[in-house]
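The structure under discussion appears below in the form of structure tokens.
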Amino acid sequence: MQIGLLHPGAMGAAVGACLTQSGHTVYWLSPGRSDQTRARAGRAKLTPCQTLAEIIGGVELILSICPPDAATAVADQVCKSGFQGLFLEANAISPTKLADIQRLLEAHQIQLIDGSVIGGPVWPEDPNPARTTLHLSGEFAPTIETLLIDSSLRTNVVSETLGDASALKMVFAAFSKGSAALSAEILNVAEQYGVRDELAEAIGPHQNERWLQSMTNTSSKAWRFIGEMHEIADTFKAVGATPGFHQAAADVYQRLAAHKDWDQAPSPQALLSSLSTKTSN
């Protein structure tokens, strides 16, 4: 199949690589992109295009994997391009936002597939690939499952109901990334009260090390998690659950986001220093 991937970030490029691994041609929009993005696209064996029209004219499927704040804008861009085909929305967004995108696409005769990735980027050449899964829902979900059947990326069709794959991503990330934000903030508070060593002794060295490592691992990706936490909050609010936990988690990630472009992993002390600085929110 001929596939368009507009934004080959860390996850998008890896998914693109798994598609090329399965024999599909994946096109991407190359003008104005960073050297890092170009390197990822080259590694994934993506085919560069100069204009969106060039991509739209030859593909049957558009794959959207971008920060959640950009998801609606990407869908709108595709709608305005005149594309008519399948659109895999694989961003970390709430079922409510997915429904909004569905209405936008349907008005332009574009068929939506709901997707969500749980796990880190997985590349075909990885000797021990992560157990990363692309969860899918909607009438056309089996189409994507078939495309990736021979790839390193696992797939799982959740149901025929649009929104189910997004809901699964939201509740999973609510725990995994919400817990990481909570443990980081606990370490911050313990540091400010001068009882971090005592906390480490109380929770045990293994748990303390896990919390510190989690804080370090999430720091480079924190900028992406801010929007995701707001999407989770919206998901909770839509069913009458408490949104405040993940609104607060967004604030934690906002403070950790200062370390986005660091060449080396920041020390725990540097991260705690960032957490101790109040945001303007």
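The values are calculated or read from the model by the stated rules, or taken from the named source; none is laboratory data. Bear in mind the structure is a predicted one, so any value in this text is a computation, not a measurement. Quick reminder, even Gly has a Cβ in these numbers, built from the backbone with ideal geometry, and neighbours come from all protein chains shown.
Structure above, values below:
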read-out	value
Residue 174, sole failed condition from (1) assigned by TED's automatic domain parsing to the domain that holds residue 67; (2) at pLDDT 95 or above	(1)
Pair list, Cβ under 8 Å, 6 or more apart: segment 223-250 residue free of Cβ contacts under 8 Å to residues at least 24 places away in the same chain, other residue not in a helix (DSSP H, G or I)	233/243; 237/243
Whichever residue in segment 98-129 is within 21 Å of residue 10 (Cβ to Cβ) and of a type in the set (Gly, Ala, Ser) and, among such residues, is surrounded by the fewest Cβ atoms within 10 Å (Cβ to Cβ)	120
Residues of segment 114-132 satisfying the condition of being touching a Phe, Trp or Tyr at 6+ places or on another chain (Cβ under 8 Å) and without any contact (Cβ under 8 Å) to a residue 40 or more places away in the chain	129
Count of residues meeting criterion [loosely packed, with under 14 Cβ neighbours inside 10 Å and outside any helix (DSSP H, G or I)] in segment 161-195	2
Residue match in segment 36-47 (condition: assigned by TED's automatic domain parsing to the domain that holds residue 104, over 16 Å from residue 11 (Cα atoms) and modelled with pLDDT under 95)	no
Any pair with Cβ under 6 angstrom, 6 or more apart, that starts in segment 14-43 at a residue that is without any contact (Cβ under 8 Å) to a residue 40 or more places away in the chain and ends at one that is part of a loop (DSSP other than H, G, I, E, B) and among the aliphatic types (A, V, I, L, M)	26/46; 28/46; 29/6
Qualifying residues in segment 23-52 (those that are touching a Pro at 6+ places or on another chain (Cβ under 9 Å) and polar (S, T, N, Q)) - the one surrounded by the most Cβ atoms within 10 Å (Cβ to Cβ)	37
Segment 133-143: number of residues that are assigned to a loop (DSSP other than H, G, I, E, B) and either in contact (Cβ under 8 Å) with a residue 40 or more places away in the chain or touching a Phe, Trp or Tyr at 6+ places or on another chain (Cβ under 8 Å) (or both)	1
Single residue of 55, 65, 93 found to be more than 21 Å from residue 169 (Cα to Cα), crowded, with 19+ Cβ neighbours inside 10 Å, in contact (Cβ under 8 Å) with a residue 24 or more places away in the chain and touching a strand residue (DSSP E or B) at 6+ places or on another chain (Cβ under 9 Å)	55
Filter result (in a loop (DSSP other than H, G, I, E, B), polar (S, T, N, Q) and farther than 18 Å from residue 120 by Cβ) within segment 196-248	242
Boolean, residue 76 is of a type in the set (D, E, K, R) and touching a helix residue (DSSP H, G or I) at 6+ places or on another chain (Cβ under 6 Å)	no
Residue list for segment 139-155, filter: exposed (fewer than 15 other Cβ atoms within 10 Å of the Cβ) and farther than 17 Å from residue 3 by Cα	139
Among the candidates 78, 158, residue that is of a type outside the set (Phe, Trp, Tyr), crowded, with 22+ Cβ neighbours inside 10 Å and not assigned by TED's automatic domain parsing to the domain that holds residue 226	78
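Matching residues to (1) basic (Lys, Arg); (2) without any contact (Cβ under 8 Å) to a residue 40 or more places away in the chain; (3) out of contact with any strand residue (DSSP E or B) (no Cβ under 7 Å at 6 or more places or on another chain):
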| site | (1), (2), (3) |
| --- | --- |
| 161 | no, yes, no |
| 166 | no, no, no |
| 174 | no, no, yes |
| 182 | no, no, yes |
| 188 | no, no, yes |
| 205 | no, yes, yes |
| 208 | no, yes, yes |
| 211 | no, yes, yes |
| 215 | no, no, yes |
